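Engineer: Once you've had a glance at the structure underneath, I'll fire off some questions.
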There are 4 protein chains.
Amino acid sequence: MIIIMQAHATQAQLALVLARIEALGFRHHISKGSERTIVGVIGDERPVDPEVFEVLEGVERVVRVLHSYKLASRDFHPEDRVIELANGAKLGGEEILVMAGPCAVETRDQLEAAAAAVAAAGVRVLRGGAFKPRTSPYSFQGLGEKALVMLREVADEHGMAVVTEVITPEDVPAVADHADMLQIGARNMQNYKLLSAVGEAGRPVLLKRGLGSTLEELLQAAEYVLAGGNENVALCERGIRTFETATRFTLDINAVPVLKHMTSLPVMIDPSHAVGRADFVTPVARAGIAAGADGLLVEVHPNPAEALSDGAQSLDGPAFARMMEDVRRVAEAIGRRAA
Amino acid sequence: MIIIMQAHATQAQLALVLARIEALGFRHHISKGSERTIVGVIGDERPVDPEVFEVLEGVERVVRVLHSYKLASRDFHPEDRVIELANGAKLGGEEILVMAGPCAVETRDQLEAAAAAVAAAGVRVLRGGAFKPRTSPYSFQGLGEKALVMLREVADEHGMAVVTEVITPEDVPAVADHADMLQIGARNMQNYKLLSAVGEAGRPVLLKRGLGSTLEELLQAAEYVLAGGNENVALCERGIRTFETATRFTLDINAVPVLKHMTSLPVMIDPSHAVGRADFVTPVARAGIAAGADGLLVEVHPNPAEALSDGAQSLDGPAFARMMEDVRRVAEAIGRRAA
Amino acid sequence: MIIIMQAHATQAQLALVLARIEALGFRHHISKGSERTIVGVIGDERPVDPEVFEVLEGVERVVRVLHSYKLASRDFHPEDRVIELANGAKLGGEEILVMAGPCAVETRDQLEAAAAAVAAAGVRVLRGGAFKPRTSPYSFQGLGEKALVMLREVADEHGMAVVTEVITPEDVPAVADHADMLQIGARNMQNYKLLSAVGEAGRPVLLKRGLGSTLEELLQAAEYVLAGGNENVALCERGIRTFETATRFTLDINAVPVLKHMTSLPVMIDPSHAVGRADFVTPVARAGIAAGADGLLVEVHPNPAEALSDGAQSLDGPAFARMMEDVRRVAEAIGRRAA
Amino acid sequence: MIIIMQAHATQAQLALVLARIEALGFRHHISKGSERTIVGVIGDERPVDPEVFEVLEGVERVVRVLHSYKLASRDFHPEDRVIELANGAKLGGEEILVMAGPCAVETRDQLEAAAAAVAAAGVRVLRGGAFKPRTSPYSFQGLGEKALVMLREVADEHGMAVVTEVITPEDVPAVADHADMLQIGARNMQNYKLLSAVGEAGRPVLLKRGLGSTLEELLQAAEYVLAGGNENVALCERGIRTFETATRFTLDINAVPVLKHMTSLPVMIDPSHAVGRADFVTPVARAGIAAGADGLLVEVHPNPAEALSDGAQSLDGPAFARMMEDVRRVAEAIGRRAA
C-alpha cells in the first residue's frame, strides 16, 4: 500500500501515519518527492482496508499495490483452471463449453423440447431456472423444487449436466442435490451469505457479474467461494448497466481478456441477457468466443413467443443450431474447438 | 401498454398481436399512423411483461403506460405516508428524522460513546451494523447477534429506536426481536427472498437503493415488501455507480424530488456512503434536506481513525453536532423541522 | 408520437393537447384506456421535439414512434452502403477494411516505419494524427499541416489512402486537400459546426461515437453530415464511459449488431482506444469482426515505448501482423474477407 | 509519479525504467516491498503522461501523485477566486449569483418578458442562447448575431450582464463584443481549440462539465483557459450521463464540495438541464446552494408551453420568483446571501 501525504502535511501527522503502520505489523519506507511525501507500507496488505490510513489527518490518498483478492488471482494460481462437471464436460480448457436451455422451467414438455434441441446441437450442459429472481413481485417466480427434479431427469436422458440458479442459502442443499453446477445470479453476486454457502456445497459454481459491479468486485466475490474451499468457480460476464438504452445491458467485451489476465478461473459470457433480444444474440456470442471466452450461457426456448419469461431474448431450436455452427467456426479460427 | 408495429408489418402479423391481446384478457385499439400502426392494450397491464408482445413478429417496440408497481405508487396512495417507530419518532411528516451511529458495532464502549454523541445532538434513532456485508472475505464481518443485544440496550438508555441491517432471510426473526426498523442494504435491494421475509416481519423497513438500480426498480423492490402486507417502507438514496471516481459513489440528488413524485413512501438519503469521505458529508446532507428528503442516515464514530469499517466516511461527535446544526437551519429554511 | 395523459387529466387539458397537435399540422387519434387516455399524433413527427407536448399540463409522458433521424436510418436506405476511397479500398462491403498507423505523426522516420509495417500486413488505409485533441494543455498537440503533407507522401509511396482527424471547421479545407477520409473524433461528435463543415467537404467521413453518447445520438450526428449532402459516412464504436476502471473505456460490442440493424452506414470499431492497453487489442479486434463490424481502426507504432502519445495502447509491427492474421481467420469464419 | 512493477519483473526491466526516468530529467527512489518493487519518480510530473512508463515491460501500473492540472488547483491558488462581471455582479464570494433567462433567444418580445421577470426577482445576469448546439439537425439552431444584439440591449435596460454560449472559435470575437461572460457548453468542454480561443478573449468564462467527463477532466479543460492567460473561469455542474432514465441527466451534487476542495474557481450548478423538467428544478436548485455552490444557471421562459427549445424544463416568471425566495432562505441558512 502506498500512502500519499497532503502537500502541507506536518511532521506530527507523518509520525502518526508511521505509528499506525507499525501498529498493524507492517514496515514503512519514506520517499520525499518535490511536493509530496510518499510512504510505502511493506508487508501483505491484502487483508487491510485502505481506510485505516485514509482516515488519518494529513493523508491525501492511499493506493493499493496488491489486489484485495488472492486465491482468485493469476499470480497465486498461474495456470488456467479447468472445471470438470459430473458428465465429463470441461470448462476452461481448449474446448468451448456451451450451456443452454430455457430461462425458466415451465413444463415438462417445454423442458424436454428445449433439451432435445440443444442436445441435438451438441450441448452437454442444460441450463434452466427453478427459482427465479424477478424484478416484479407479480411475475412468474419459477416452479421451485419440482423444476429441479425435472431438470435432473431430462438432463440425464441426454447425458447432460445441469446448471441452475440458487437464490438463498437455505436452498443450497436441495439445489446441490439435483444440479451439477450452482449458478449465482447477477443480483446476488454480493450476497455474501449465499457465496459462503455455495463455497461449502462441494459443487462447481457459476458466478455471474453484478450489473453494477467492477471486475475487481467480481473477483472478490469469487474469493468468498474460493476461501470456502471450493476451487471450481467460473465467472460470467452478462452485461453491465450503462447510459445506453438501445440494449437492455452493455456487454463488457473487454472483460474477457482482462479477466483472463487477472485470474486463471474460466470466463464465460451470457449474450442473451447482455442484449435482451434474440436477433442480436448470435453476433455477440461469436464476439465473446473471438475475445477468448471459455464458454457461453444461452437461453433457448422451443417456442419463445409463449415463454413465461425472457421470451424476447430466447433463441428457438433452429436459430440456436445456426448459432452453434457460427460459434464452432469462430472457435476454430482462434485455435479452439466447440462441442 | 402500447405496441408499435414495424414499418412493414403484415396484416397477418397484426392479427397475431391482436389475438395475443385477447388471449390475455385485454381489449385492443388500433391507430394507423403515417408510417406505423400502433395498438393500444386496454386493461390493467401491471402484471404483464412487455415481452409477451415484444417476442411476436412484426412488433418493433412495446411501451408501458402504467408503471409495473402499484402499491408503491402515489396514484394508488396519494397522501404522504408517515412511519412511526416504537419510541414515537416519525419519518415522512413535517419533521426531518436523522438516524445516526457507527457503521459497525465494534465494542460496547464504542457503541455507547457513539450513542451518547448522537443522542446529545438530538438524534432519536440509533443505527449500527451487526451483520456486515463486506466486499472482501477478509474484512471484519460484524459481531452478529451480540451486537443486536448491545444496540437494544444502548438505545434504550437514551430512549432511541434501533435500525440495523439484515442480510439473509433466516436472520430476520432475530433482528426483528431487537430492532425497531429493518434495513435492507444496497447490495440486497434485489434479494427477493429477503424482501419477502421483511415484508412479513411486521417491522418498518428501510430499503436502500442498489448502486446499479433505477428508481423504478427501487419501487419494484418496495412493492415486494408492500405486497407482503407491510406498509411501513422508507426508501434511501445512497449513491449510484457512475464513471466519476472522485467520490466512491454519485449521490443522485434528483432522486429525491422524483421519488416524492412517484411515491408517497418516505425518502431518505445516506450522505456517508454517497461521498465516502467525512469532510464532504455535511454539504451533501444539507443538499439532501434542501431537496426535500424526509430523513438522513449518517455514520458517526467516536474515533473514526480507529474504526474497523467506514472510518474515512464517519463523522466524529463534534463534527456530527455541527452537521445537525446546519441541517436544522436548512430544514427551517424550507419550512420543516429537524429534531 | 404518442402522448400519455396523466391519470387525472381534465377534459380541458386534453382539449389543449388536441389543439396543439392541430396547430402543428398533425391529426390526432384518442384511445381511452382503463386508467389513462392516450393520444396518437399522426403525421411525420421527426422534426418535432416531444417537449412541445411534454410542457402542456395534464401530459405525463410523450413517446416517439419514429426515430429523430431519417437519412441515417435503414428504413430510409435499406441496402448496406459501401464507401469507396480514392485508392479503391472499400468499406461496408464483403471485405473487412483495416485502417492502421500511429496515433500521432511524430517524425518522417516514425511515420515511414509505421506505414511500411502496416502496408506489409496488407493495410490499404493509413491513419495518423496531425491535429491532436489532448486532455491536458501540456501534452503534445500534433505537428499540424506539416503532418498532413507527410501523411499524403508516405501513403502514396504504398498506394494507401489517408484518414486523419479534423478538430475545427477552419481546418477542414486543408485536411480535405491532403486526406481521403476525414475523421471526427469522439470529443467532437456533437460539434455541430464541424459536422456541418465536413458534410460539405466532399470527402468520406469517419464519425467516432462520443464516449458519453447514445447510439441514437451517434445517428443524429451522422444525420448532420448526411443532411449536408455527404452520403459517405462510416460510424466507429471506440468505447464508452462506464463505472468499470480496469480498462480506459468499455467497448460496447452490442453496438455493432444494433447499428447494423438501425442503419445501413458502415460500422467500424477502434479496439485501441477502447481498451487502452496493447495486449488486449487483438482479442477485442477479433471480437469486433466476429460481431459483424465492417472495419477496424488500430494504432500501430514502430516503437511504442518511444511514442509521444498513446504508446501504451499501440501495437508494434510484428504484433500488428499477428493481429491481422487473427482478424483474417475470424473474418473467414463468418463468411467475410480481410485484405 | 509512482511506478508499480509486476510481481516477476526482472532486474533488466527495472533498469530500463530507471533509465527512462533519468532520460526525462527526473530522479528516482526504489522501494522493495514484500511482493512488488515500487519506483518513485521525483520532480514535477504534471507535464508527463503516465504512458511513457506504462508502455515499458515489467511495469504493472503507474499512479500519479500530482494532478495533471496546476493553475486550476487549490494548491496553486489557495484562496477562493471571485469573478466580477462588467455590471459589478460577483461570482465566488459570499453572495450567491443567479443567472437566468430563456434557453434560446426567440423574439425580442420573448426576451424582454423573460428579462423583466428575472430582473424583478433580483437577477443581475441574463442568460440566453444565440447559437444553439442541437442534437438534431432539424431543430431550431438559434438566431445567431441578431440574438447577441438583442441580449445586449435588453440586458442593458435592466442593468444586467449577459452570459451566452459560443460554439466555435470563429464566433468568439463577435460573442465577446456583446456578452460579458462566454459560456462553453457541455458538448464543447473538450473542444480544445474553442477553449484556447476563449482563453485569449479577455472575458470571464463559464465552463460547463461534459456529460461524460470526470471532474479531473473538467479541471484540465479549465487549465486550457487559464493557460491562455484568462483567470476568470467558473465551473458548472449540469448533470452527467448515468443509467438512470427517470431524469434526463443525473446532477452530481457531490461535485460541489469536491470541486470546492480541488480548486478555488467558482462552482455553479444548472438544475434545469440536470433534471429536464420544470417541477423538479426548484428542489435541485435549493440542493445545489445547500451543498455550497456559488451560483445557479436557470432557464426561464415567459411562456414555456410556447418555447422553441427546452420548454419542458423552463420555469415561468412566477415559478422562478418562488424559486428565488427558496434559494434566498437556503443561502441564509448556510451563512450566505442571494441577491
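Engineer: Consider only pairs whose beta carbons are under 9 Å apart and that are at least six residues apart or on different chains; among these, list those whose first residue lies in the range C:27-42 and is more than 7 Å from chain B (Cβ to nearest Cβ) and whose second residue is surrounded by fewer than 20 Cβ atoms within 10 Å (Cβ to Cβ) and of a type in the set (Asp, Glu).
Structural biologist: Note: pairs meeting the criteria are C:HIS28/C:GLU22.
Engineer: All but one of (1) among the hydroxyl-bearing types (Ser, Thr, Tyr); (2) open to solvent by 10 Å² or more (accessible area, probe 1.4 Å); (3) within 18 Å of B:ALA72 (Cα to Cα) hold for B:SER264, so report the exception by its number.
Structural biologist: (2)
Engineer: Still on this model: Please work out which one of (1) within 14 Å of chain C (Cβ to nearest Cβ); (2) open to solvent by less than 20 Å² (accessible area, probe 1.4 Å); (3) not polar (S, T, N, Q) is the condition D:ALA100 fails and give its number.
Structural biologist: (1)
Engineer: A follow-up question, please. Among A:THR250, A:THR263, A:THR282, A:THR214, which is the only one that is touching an Asp or Glu at 6+ places or on another chain (Cβ under 7 Å), over 27 Å from A:ALA104 (Cα atoms) and of a type in the set (Ser, Thr, Tyr)? Walk me through it before giving the result.
Structural biologist: Values: A:THR250 fails: over 27 Å from A:ALA104 (Cα atoms); A:THR263 fails: touching an Asp or Glu at 6+ places or on another chain (Cβ under 7 Å); A:THR282 fails: over 27 Å from A:ALA104 (Cα atoms).
Selected residue: A:THR214, the only one of A:THR250, A:THR263, A:THR282, A:THR214 that is touching an Asp or Glu at 6+ places or on another chain (Cβ under 7 Å), over 27 Å from A:ALA104 (Cα atoms) and of a type in the set (Ser, Thr, Tyr).
Engineer: Something else about it: Within the range B:288-297, take every residue that is crowded, with 24+ Cβ neighbours inside 10 Å and outside any helix (DSSP H, G or I) and give me the one that is nearest to the other protein chains (Cβ to nearest Cβ). Before the answer, list the steps.
Structural biologist: Narrowing the range B:288-297 to residues crowded, with 24+ Cβ neighbours inside 10 Å: B:288-291, B:293-297.
Subset that is outside any helix (DSSP H, G or I): B:293-297.
On the way: B:ALA293: 9, B:ASP294: 13, B:GLY295: 15, B:LEU296: 13, B:LEU297: 16 Å.
This residue is B:ALA293.
Engineer: Among the numbered criteria (1) in contact (Cβ under 8 Å) with a residue 60 or more places away in the chain; (2) part of a helix (DSSP H, G or I); (3) more than 15 Å from the chain's Cα centre (by Cα), which single criterion is violated by B:VAL330?
Structural biologist: In the conditions (1) in contact (Cβ under 8 Å) with a residue 60 or more places away in the chain; (2) part of a helix (DSSP H, G or I); (3) more than 15 Å from the chain's Cα centre (by Cα), B:VAL330 misses (1) alone.
Engineer: Take the residues of the range D:197-224 that are touching a residue at least 40 places away in the same chain (Cβ under 8 Å) and facing another protein chain (nearest Cβ under 9 Å): which is surrounded by the fewest Cβ atoms within 10 Å (Cβ to Cβ)?
Structural biologist: Result: D:GLU216.
Engineer: Also: Filter the range D:272-295 down to residues that are more than 23 Å from B:LEU259 (Cα to Cα) and not small (Gly, Ala, Ser), then give me how many there are.
Structural biologist: Within the range D:272-295, the subset more than 23 Å from B:LEU259 (Cα to Cα) is D:292-295.
Now narrow it down to the ones that are not small (Gly, Ala, Ser): D:294.
Total meeting the criteria: 1.
Engineer: Filter the range A:226-244 for residues that are in contact with a Ser or Thr (Cβ under 8 Å, 6 or more places away or on another chain) and at pLDDT 95 or above; which is most open to solvent (accessible area, probe 1.4 Å)? Steps first, answer last, please.
Structural biologist: Here is the first cut: in the range A:226-244, the residues in contact with a Ser or Thr (Cβ under 8 Å, 6 or more places away or on another chain) are A:228, A:235, A:239-244.
Adding the requirement that they be at pLDDT 95 or above leaves A:235, A:239-244.
Details: A:LEU235: 0, A:GLY239: 1, A:ILE240: 0, A:ARG241: 35, A:THR242: 15, A:PHE243: 18, A:GLU244: 11 Å².
Per the stated criteria, the residue is A:ARG241.
Engineer: Condition (residue is closer than 27 Å to C:GLY88 by Cα and of a type in the set (Val, Ile, Thr)) applied to the range C:217-231: is it met by at least one residue?
Structural biologist: Within the range C:217-231, one or more residues are closer than 27 Å to C:GLY88 by Cα and of a type in the set (Val, Ile, Thr).
Engineer: Ok, one more. Looking only at residues that are away from chain B (no Cβ under 14 Å) and of a type in the set (Gly, Ala, Ser) in the range C:1-26, which one is most open to solvent (accessible area, probe 1.4 Å)?
Structural biologist: C:ALA23
Engineer: Just the residues that are farther than 19 Å from C:HIS29 by Cβ, touching a Pro at 6+ places or on another chain (Cβ under 9 Å) and more than 8 Å from every other protein chain (Cβ to nearest Cβ), please, taken from the range B:43-64.
Structural biologist: Within the range B:43-64, B:ARG64 is the sole residue that qualifies.
Engineer: OK, next. Taking the conditions exactly as written (open to solvent by 10 Å² or more (accessible area, probe 1.4 Å) and of a type in the set (A, V, I, L, M, F, W, C)), does D:ALA338 satisfy them or not? So that I can check it myself, show each step before the final result.
Structural biologist: Values: open to solvent by 10 Å² or more (accessible area, probe 1.4 Å): yes; of a type in the set (A, V, I, L, M, F, W, C): yes.
So D:ALA338 passes the test.
Engineer: Could you tell me which residue of the range D:276-287 is nearest to the other protein chains (Cβ to nearest Cβ), considering only residues that are in contact (Cβ under 8 Å) with a residue 40 or more places away in the chain and open to solvent by 20 Å² or more (accessible area, probe 1.4 Å)? Break it down stepwise before answering.
Structural biologist: So in the range D:276-287, the residues in contact (Cβ under 8 Å) with a residue 40 or more places away in the chain come out as D:278, D:281-282, D:285-286.
After this cut, where a residue has to be open to solvent by 20 Å² or more (accessible area, probe 1.4 Å) as well, the list is D:278, D:282, D:286.
Details: D:ALA278: 8, D:THR282: 8, D:ARG286: 4 Å.
Result: D:ARG286.
Engineer: Return the pair list, or none, for Cβ contacts closer than 7 Å from residues in the range B:251-263 that are more than 7 Å from chain D (Cβ to nearest Cβ) and among the small types (Gly, Ala, Ser) to residues that are surrounded by fewer than 24 Cβ atoms within 10 Å (Cβ to Cβ) and part of a helix (DSSP H, G or I), at least 6 apart or on different chains.
Structural biologist: B:ALA255/B:LEU215
Engineer: Within the bounds of the range B:75-90, is there any residue that is closer than 17 Å to B:ASN232 by Cα and more than 21 Å from the chain's Cα centre (by Cα)?
Structural biologist: First, the residues of the range B:75-90 that are closer than 17 Å to B:ASN232 by Cα: B:76-90.
Then keep just the ones that are more than 21 Å from the chain's Cα centre (by Cα); that gives B:87-88.
Yes, the range B:75-90 contains at least one residue that is closer than 17 Å to B:ASN232 by Cα and more than 21 Å from the chain's Cα centre (by Cα).
Engineer: Looking only at the range B:158-196, count every residue that is without any contact (Cβ under 8 Å) to a residue 40 or more places away in the chain, acidic (Asp, Glu) and either buried (at least 24 other Cβ atoms within 10 Å of the Cβ) or not in a helix (DSSP H, G or I) (or both) and tell me the total.
Structural biologist: Residues in the range B:158-196 being without any contact (Cβ under 8 Å) to a residue 40 or more places away in the chain, acidic (Asp, Glu) and either buried (at least 24 other Cβ atoms within 10 Å of the Cβ) or not in a helix (DSSP H, G or I) (or both): 1 in total.
Engineer: May I pose another question? Quick check on my filter: what residues within the range B:51-96 are farther than 30 Å from B:GLU157 by Cα and among the acidic types (Asp, Glu)? Don't jump to the end; show me each part of the working.
Structural biologist: Start the filter on the range B:51-96 by keeping residues that are farther than 30 Å from B:GLU157 by Cα, which leaves B:51-80.
Within the range B:51-96, B:GLU51, B:GLU54, B:GLU57, B:GLU60, B:ASP75, B:GLU79, B:ASP80 qualify.
Engineer: While we're on this one: Could you please find all residues in the range D:120-137 being open to solvent by less than 30 Å² (accessible area, probe 1.4 Å) and more than 28 Å from C:ASN191 (Cβ to Cβ)?
Structural biologist: D:ALA121, D:GLY122, D:VAL123
Engineer: Continuing with the same structure: Among C:GLU112, C:GLU106, which is over 25 Å from C:ALA186 (Cβ atoms) and surrounded by fewer than 24 Cβ atoms within 10 Å (Cβ to Cβ)? Steps first, answer last, please.
Structural biologist: Values: C:GLU106 fails: over 25 Å from C:ALA186 (Cβ atoms).
Being over 25 Å from C:ALA186 (Cβ atoms) and surrounded by fewer than 24 Cβ atoms within 10 Å (Cβ to Cβ) holds for just one of C:GLU112, C:GLU106, which is C:GLU112.
Engineer: Here is a follow-up. State which residue pairs qualify: first residue among the polar types (S, T, N, Q) and inside the range C:288-310, second residue open to solvent by less than 10 Å² (accessible area, probe 1.4 Å) in any location, beta carbons under 7 Å apart, and separation of 6 or more residues or different chains.
Structural biologist: C:SER309/C:CYS103; C:SER309/C:ALA104
The values are calculated or read from the model by the stated rules, or taken from the named source; none is laboratory data. Keep in mind the model is a prediction, meaning the values are calculated, not measured. As a convention, Cβ positions derive from the backbone with ideal geometry for all residues, glycine included, and neighbour counts pool all protein chains shown. Accessible surface is based on the protein model in full, side chains and every heavy atom, while ligands, DNA and RNA are left aside. Shrake-Rupley method; radii C 1.70, N 1.55, O 1.52, S 1.80 Å.
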